[in-house]
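The values are calculated or read from the model by the stated rules, or taken from the named source; none is laboratory data. The structure displayed is predicted, hence computed values, not measured ones. When we count neighbours, we look across all protein chains shown, and the Cβ atoms used for this are built from the backbone with ideal geometry, even at glycine. Accessible surface areas use protein heavy atoms only, side chains included; no ligands, DNA or RNA. Shrake-Rupley method; radii C 1.70, N 1.55, O 1.52, S 1.80 Å.
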Amino acid sequence: MIESVKVAVIGTGNNISALVQGIALHRATGSLVGIRRPVLDGLGVGDIEFVAAFASSPEKIGTDLADAIFLPPNNFPRLISELPLTGVTVRRGLTDAAEVERVAAELAGAEVVLYAAPSGRPETARAYAGAVLRAGAAFINTTSDAVARDRQWLDRFAAAGLPLLGDDLASQFGTSVVHHALLRLLEERGLTLISSYQVNLGGTEDFRNLVANGNTKLQSKLNALATGASAADRVQMAPLGYLSHLKSHKVAHINIEAQAWGETPVSLDVKLKVHDPSGAAGVTIDLIRMAASALRQRRVGYLPEATPLLKSPPGTPA
Ligand SMILES: NC(=O)c1ccc[n+]([C@@H]2O[C@H](COP(=O)([O-])OP(=O)(O)OC[C@H]3O[C@@H](n4cnc5c(N)ncnc54)[C@H](O)[C@@H]3O)[C@@H](O)[C@H]2O)c1
């Protein structure tokens, strides 16, 4: 029998809510809806065991992970009426580098650490990465702050014999993958791109944070489009917008202006509405299993198979 993956989560926000609840839904009903890889390297979706969780808000600290994920400002909906307790009590996260040792000790036993705190705090991301190195676990950076695409950190994890995956998630069916696919289609069909833009509106705490502090995210969104140098200056990102009444929805608008045969114009507008945290959980479940499998097989550093699930893998600009 395969041993379940021992996972620690940093941050108990909407994405962790979607992940914890989605796994519980799958366990309770067997549903495979929205699951990209039912089995990955022998590991099923239900083969995940949460062993530690960290938060910054006093209301969440000391509660069971299954209760913490419903506390405000989280606003991802309930997926199942009865969510079993996890047995994991949420602990106080890192506030400064002096706490790296404490957190490293509290991570003991975790194989994979999922970093899901707010984006735009590179110092915090690196402090946690340091704690995970000491704890000897694989690290997944879901934020847009540079860790895996920072050569020094990648070398440190590789030297310690540990996998490091990141940076930033490319949501399962989000603006990045849809926009990227449309730009690639344009190129494949021989059209010429004139201009393109993306508008992203959302009602989550993540959006509220990114509106105030979105520098690393906007660059990361451009990385995800991986357009050639000639197209890069023709694609623009509107500043992110926070609208509380959208709750956990993200509403995105993609516009493409192009030219076809005979220099005639083509215009394309797409509206996408998704639950943003589901988009994150749908790829995180695969990243966790990739990282665990690599750790168990003693593969180290970055794993190329993770690239389609990330916006800013190693080699992209910080
Ligand atoms: N589709 C998506 O939702 C998506 C896609 C790509 C990347 N991401 C990134 O994933 C991350 C998590 O997203 P989310 O929607 O769950 O965000 P969120 O704001 O709901 O959750 C982050 C949680 O981390 C907590 N936190 C803050 N500082 C902390 C610290 N020092 N230690 C421990 N916890 C701390 C916050 O209180 C909050 O509960 C964000 O960085 C986001 O940009 C999300």
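Just a few scattered comments:
- Helix axis angle, 175-188 relative to the chain longest principal axis, alpha carbon, degrees: 40
- Whether the stretch 175-318 is rounded, prolate or oblate, judged on the alpha carbon gyration tensor where a/c under 1.5 counts as rounded: oblate
- Along each principal axis, Cα extent of the stretch 13-163, largest first, Å: 43, 38, 27
- The chain: relative contact order as a whole-number percent, Cα under 8 Å and 6+ apart: 22
- Sorted peptide list for 169-177, 244-252, criterion being average Cβ within 10 angstrom, highest first: 169-177, 244-252
- Once each of the GluC sites (Glu not before Pro) sitting in a DSSP loop with at most 13 other beta-carbon atoms within 10 Å is removed, the chain keeps 83-318 as its longest stretch.
- Spatially close lysines, pair count over the chain: Cα under 29 Å, gap of eight or more or interchain: 24
- Inter-centroid distance (Cα atoms) of the stretch 149-177 relative to the stretch 189-260, Å: 21
- Across the stretch 178-238, Cα pairs under 8 Å and at least six residues apart give a relative contact order of 54 percent.
- Rounded to 10°, Cα long-axis angle of helix 14-29 versus longest principal axis of the chain: 70
- Debye, to nearest 20: dipole size of the chain, +1 on Lys, Arg Cβ, -1 on Asp, Glu Cβ: 100
- Å² per residue, accessible surface of the chain at 1.4 Å: 45
- Between the stretch 278-318 and the stretch 1-60, the Cα center-to-center distance that results, in Å: 15
- Cα-based shape type of the chain, given that a ≥ b ≥ c are square roots of the gyration tensor eigenvalues and the cut on a/c is 1.5: prolate
- Dipole of the chain, positive direction: furthest Cα of PHE207, GLY13, THR175, with charges on the beta-carbon: THR175
- In the stretch 23-151, the portion of solvent-accessible area held by carbon and sulfur atoms comes to 53 percent [1.4 Å probe, whole percent, DNA, RNA and ligands not counted].
- For the chain, the longest principal axis of the alpha carbon atoms and the long axis of helix 122-135 meet at an angle near 40°.
- Kirkwood hydrodynamic radius (C-alpha pairs) into Stokes-Einstein, the stretch 157-228, 25 °C and 0.890 mPa s, D in µm²/s: 168
- Trypsin sites (Lys or Arg not before Pro) within the stretch 70-172, DSSP loop, no more than 13 other Cβ atoms inside 10 Å: ARG78
- Gyration tensor (alpha-carbon) shape descriptor, the stretch 89-236, a/c threshold 1.5: prolate
- Share of carbon and sulfur in the accessible heavy-atom surface of the stretch 208-318 [1.4 Å probe, %]: 55
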